[in-house]
Amino acid sequence: MFGTATASYQVEGAWDVDGKSENIWDHLTHTNPCKVLDCSNGDIADNSYYLYKRDVEMMRELGLETYRFSISWSRILPTGFPNYINEAGVAYYNNLIDEMLKYNIQPIITLYHWDLPQKLQDMGGWANNEIVNWFGDYARVIFNLFGDRVKYFITINEPHQVCALGYGNELLAPALNIQGIADYLCVKNLLLAHARAYHIYDKEFRAKQSGNIFITINAEWHESESLDHEDAARDARQFQWGVYAHPIFSKSGNYPPEMIKRIADKSAAQGFLRSRLPELTNEEIKFVQGTSDFFGLNHYSTSYVYRNESSSEIYPVPSYNDDLDVIQYKLPVWKIGESDMTKFVPWGFRSVLNSISQLYGNPPILVTENGFATNGGIDDKDRVTYYRGYLNALLDAIDDGVDIRGYTAWSLMDNFEWSQGYTVNTLNKTASLQFGKSQISLVSSRRSSKSENIWDRVSHREPCVVDNCDTGDVAGDSYHQYKRDVEMMRELGLDFYRFSLSWSRILPTSFPDQINEKAVQYYNNLINEMLKYNIQPMVTLYHWDLPQKLQDLGGWTNPHIVDWFTDYSRVVFRLFGDRVKYWITINEPREVCYQGYAAQSLAPLYNISGYADYMCAKNLLLVHANVYHLYNNVFRKAQGGQIGITISAQWYEPESEEDVEAAEDYRQFEWGIYANPIFSESGDFPAVMKRRIAAKSKEQGFPRSRLPQFTPEEVDLIKGSFDFFGLNHYTTYRVYRNESVYGHYNSPSTYDDLEAISYQDSSWDSAASKWLKRVPWGFYNLLTKIRKDYNNPPVFITENGFSTRGGLVDDDRIKYYRTYIDAMLDAIEDGSDIRVYAAWSLMDNFEWMRGYSERFGLYEVDYESPERTRTPRKSAYVYKEMLRTRTLDYHYEPDMSLGMNVEEN
């Protein structure tokens with residue numbers, strides 16, 4: 001079979017037309033356009049969305065038997081999921097297929113040719129295990145829509161380019177450049193996603209549709225420079241394409257053994273706690289093995305390879321290239337024509353065809369791309385020379401006994417050639433890797449080796465999204481002013497002080513291969529300064545500032561975060577656990593998951609409600625449980641500390657007796673989702689959530705509930721993983737449910753699943769924060785419910801406070817603290833086991849999206865002062881008196897003129 005090929009993003013255009021959503025190339029070229037050589041994009045490209053009849057006319061002019069094109073996932077499924085199928089997108093592909101078949105041209109459809117929906121990339125894309133399900137669901141839709149006429153399906157085009165150049169480099173979208181880690185996560189997930197699509201077709205569609213399904217692998221030839229470098233050449237072939245071919249086509253399955261060993265050895269030497277190449281289980285090996293009806297082959301170039309001492313010193317560590325540890329080069333005499341992008345080495349084509357045949361039992365091969373780049377012009381004699389030479393090599397391979405079934409020229413027409421834009425025609429997509437150095441945007445980060453976190457990224461975004469364009473670049477400057485911070489603790493007479501660690505400061509790479517000694521010194525200084533004055537440190541491992549590198553991999557929606565966070569926690573326990581006796585794993589899961597991944601109101605500012613927030617919830621709970629058990633099993637005996645989680649829980653009061661159920665549902669959706677799995681006797685997500693979300697998901701066309709399930713083992717792991725119930729509480733809402741709620745919220749979304757409405761009474765005292773009202777009886781009700789529902793766990797109130805716009809006389813804050821502490825005392829009298837109370841906060845600070853416009857501090861911070869001068873407010877004097885006397889005196893009026901002196905214990 002002879003044909004030509006194109007890909008959706010490269011030719012279609014119509015990037016935002018007729019319901020199509022954004023994909024990773026739309027996002028890259030619009031947010032960082034000059035990542036592409038000529039700052040161009042595929043917004044219009046060849047306009048094939050409208051000119052498909054002319055495209056088919058060209059196929060007829062050439063006399064093609066096949067035409068290979070790809071489907072745009074985001075054109076067919078704008079949400080990324082099968083809950084909504086875009087009929088305009090379906091019509092376009094139907095028109096193209098039918099027009100081709102009218103002239104006996106067989107369509108070969110590629111399901112994925114590099115243009116992932118951006119929404120899925122925000123959740124980690126090919127680095128997230130969940131993509132196996134996402135891709136399988138998408139493939140099923142495609143088979144249903146087009147399989148009655150299409151007999152050839154390619155699952156994924158060029159895995160090496162997807163993973164190595166998109167995730168381990170920045171040459172292709174999404175340009176993550178997380179070398180030696182993200183690319184290997186991608187490898188495993190891509191293989192499993194391919195196999196999932198294959199098995200879906202094989203079991204559900206093949207008998208009726210009688211088609212074929214396979215993967216296309218880009219296989220270059222790596223020739224040993226001499227006999228001394230045969231191992232280097234073999235390793236180069238295994239790393240570049242054997243890593244995908246071996247699991248599918250070999251008799252043994254799994255990754256190539258040489259690759260497994262090299263990466264495991266390198267990882268151990270670098271300080272990683274496990275191999276950076278994720279393991280394939282025995283079940284996964286069997287699942288992947290044999291899942292291709294053809295060996296789809298894209299081939300363009302050949303290199304000579306050698307390995308010596310110099311090769312171990314030229315690549316970043318860790319990285320794919322450092323793991324491989326070879327040097328590749330091409331000979332100048334291989335160049336024909338003006339373009340440097342492709343070389344003329346037809347014997348390399350013959351060699352790779354024979355190698356595939358010999359390694360994998362002579363599978364049927366479909367050459368799905370082969371072509372030559374020029375700089376333009378009609379008289380392309382060099383391309384003619386190339387095609388003649390490579391087709392001759394292909395015929396030689398057939399004479400050698402290689403089972404070749406088809407040949408596809410790249411490409412039918414000039415198109416958007418990815419990172420080269422429109423500067424060359426028919427690009428060789430295996431251009432040599434370009435290694436960039438990560439640039440850290442913060443001056444303070446350069447000094448301390450701290451790396452970027454998600455709030456660094458959000459607060460530096462343009463146009464700015466934080467109030468007044470504020471950032472946390474300097475904030476209260478506690479990194480340098482920690483002694484003054486401890487002095488304030490002494491002035492107040494605190495028993496303890498709760499602070500959080502910066503993951504990206506301690507582990508700049510996000511992983512334990514590199515520990516930042518300056519960061520360790522800073523936290524040691526702070527802890528030791530506190531202990532000098534008998535102030536106990538209470539340390540939060542995670543308070544919203546995820547390393548940006550991990551966010552690029554999907555952050556809390558990626559199941560791998562369980563390993564990442566556990567590794568980070570192990571480092572922290574070893575560094576500080578000899579002196580820290582109170583640990584909080586995660587601060588405010590709801591805010592992390594709902595506000596960060598669904599409501600666009602906290603970093604990373606995503607809006608994937610009713611899906612990403614639920615994935616985050618599951619992973620976060622597993623993270624907490626794993627770290628709890630790590631501490632319990634490995635560190636508790638020697639260190640003698642306690643560990644828990646802090647949950648943000650507001651009170652939801654029914655508007656009337658008819659709304660009791662609605663209010664209870666609200667509590668379960670807002671904070672029961674995190675409390676129930678840990679503190680209830682049954683464990684697991686709340687039953688009402690499981691029931692409502694499953695029913696809604698089915699109605700909406702999802703193939704499974706959007707709320708991920710826990711296995712029985714996971715339920716047991718999470719249940720009881722606490723020494724205390726950490727509680728942050730601020731305010732109260734009223735709740736109702738009636739007919740007006742139906743259709744009130746976007747669907748799917750968390751609040752559409754909940755179907756209730758909350759509001760606050762206008763008569764309640766208001767803070768500077770529009771969401772914060774003073775309702776102390778709600779605090780009492782909440783503490784009572786925790787006691788009754790969860791068998792009266794020890795409660796650590798880790799945040800409670802009130803915001804103002806500034807000023808030293810803050811009577812509203814004083815009133816808030818007095819009435820809330822009064823309500824807490826009432827709960828204690830009723831039997832609630834409350835051990836700890838922490839005011840939020842010691843001093844004004846960067847209040848997330850509100851910047852410095854809202855102030856919660858007992859101490860005012862002067863942000864105009866280079867020293868960030870701290871001055872006690874009236875509330876600081878009142879709080880100090882409470883702690884000194886251990887009494888609640890509503891009539892106490894401090895004399896602020898006396899100042900805040902340290903009272904020696």
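The values are calculated or read from the model by the stated rules, or taken from the named source; none is laboratory data. Only a predicted model underlies this, so the values are computations on that prediction, with no experimental measurement involved. Cβ placement follows ideal geometry from the backbone for every residue including glycine, while neighbour counts extend to all protein chains displayed. Calculation scope for accessible area: heavy atoms of the full protein, side chains included, ligands and nucleic acids excluded. Shrake-Rupley method; radii C 1.70, N 1.55, O 1.52, S 1.80 Å.
Restricting to region 2-420, compute how many DSSP beta bridges are antiparallel as a %, nearest 5.
If I count the DSSP bridges inside region 2-420, around 10 percent turn out antiparallel.
How much accessible surface area, in Å² rounded to 10, belongs to the heavy atoms of residue 15 with a 1.4 Å probe?
Rounded to the nearest 10, the figure is 70 Å².
Size of region 5-101 along its principal axes in angstrom, Cα-based, largest extent first?
Over region 5-101, Cα extents along the principal axes are 40, 37, 18 Å.
Could you give the size of the charge dipole of region 2-420 about its Cα centre, using +1 on the Cβ of each K and R and -1 on the Cβ of each D and E, expressed in debye and rounded to the nearest 20?
With only Lys, Arg, Asp and Glu charged at Cβ, the dipole is about 960 debye.
Where the convex hull is taken over the Cα atoms of the chain, what is its projected area averaged over directions, in nm²?
39.2 nm²
Sorted from largest down, what three extents in whole angstroms do the Cα atoms of region 278-427 have along their principal axes?
Sorted from largest, the Cα extents of region 278-427 read 54, 41, 29 Å.
Using the Cα atoms as the points, what is the convex hull volume per residue of region 607-671 in Å³?
123 Å³
What do you get for Rg/Rh over region 163-319 if you use C-alpha atoms and the Kirkwood form of Rh?
0.99
Only helical DSSP H runs with n ≥ 4 go in: add -39500 (n - 2.57) per run for the chain, normalise by residue count and round the 222 nm mean residue ellipticity to 500 deg cm²/dmol.
Result for the chain, helices only: -11500 deg cm²/dmol.
Can you find, among 8, 510, 853, the residue sitting farthest towards the positive end of the charge dipole of the chain, where Lys and Arg contribute +1 and Asp and Glu -1 at Cβ?
510
At 1.4 Å probe size, with every protein chain present, just tell me what the per residue accessible area of the chain comes to in Å².
Heavy-atom SASA per residue in the chain reads 37 Å².
For region 227-300, I need the span (max minus min coordinate) of the C-alpha atoms along each principal axis, in Å, sorted largest to smallest.
41, 37, 20
Report, in degrees rounded to the nearest 10, the 0 to 90 angle that the Cα long axis of helix 561-576 makes with the longest principal axis of the chain.
So the helix axis and the longest Cα principal axis differ by about 50 degrees.
Between residue 37 and residue 740, what length comes free when the chain is fully extended (0.36 nm per residue of separation minus the Cα-Cα distance, one decimal in nm)?
This chain segment gains 247.8 nm when fully extended.
For every other residue with a beta carbon closer than 10 angstrom to the beta carbon of residue 29, add +1 if it is Lys or Arg and -1 if Asp or Glu, then tell me the sum.
It works out to a net charge of -1.
Of the cross-linked pairs 119/151; 119/618; 719/788; 188/266, which ones have a Cα-Cα span greater than 26 Å in the structure shown?
Over 26 Å Cα-Cα: 119/151.
Ignoring ligands, DNA and RNA, what percent of the accessible area of the chain is carbon or sulfur (1.4 Å)?
So the carbon and sulfur contribution to the accessible surface is 48 percent.
Write down the radius of gyration of region 441-571 and its Dmax, each obtained from C-alpha positions, in Å.
That works out to 15.7, 46 Å for Rg and Dmax.
What is the diffusion coefficient of region 769-905 in µm²/s, taking the Kirkwood radius over Cα pairs and the Stokes-Einstein relation at 25 °C with a viscosity of 0.890 mPa s?
Rounded, D is 152 µm²/s.
Taking the mean number of other Cβ atoms within 10 Å as a proxy for protection, how do you rank 821-831, 717-727 from highest to lowest?
Answer by packing, highest mean first, reads 717-727, 821-831.
If I fit a long axis through the Cα atoms of helix 346-359 and take the longest principal axis of the Cα atoms of the chain, what angle between them do I get, 0 to 90°, rounded to 10?
The two axes meet at around 70 degrees.
Binning at 10 angstrom from zero up to the longest distance, how are the C-alpha pair distances of region 702-821 distributed in percent?
10, 27, 31, 25, 6, 1
So how tilted is helix 811-829 from the main axis of the chain? Cα-based, degrees 0 to 90, rounded to 10.
Orientation of helix 811-829: about 90 degrees from the principal axis.
What share of Cα pairs, in percent, lie more than 14 angstrom apart in region 735-782?
62 percent
Two-decimal Rg/Rh of region 2-420 from alpha-carbon positions, Kirkwood Rh?
Taking Rh as the inverse mean 1/r over Cα pairs, Rg/Rh reads 0.94.
Given the whole protein assembly as supplied and a 1.4 Å probe, what does the accessible area of residue 560 come to in Å², nearest 10?
Surface accessible to solvent at residue 560 totals approximately 40 Å².
Antiparallel as a % of all DSSP beta bridges within the chain, to the nearest 5?
So the antiparallel bridges in the chain amount to around 20 percent.
Could you pull the accessible area for residue 769 with a 1.4 Å probe, rounded to 10 Å²?
Here the accessible area works out near 0 Å².
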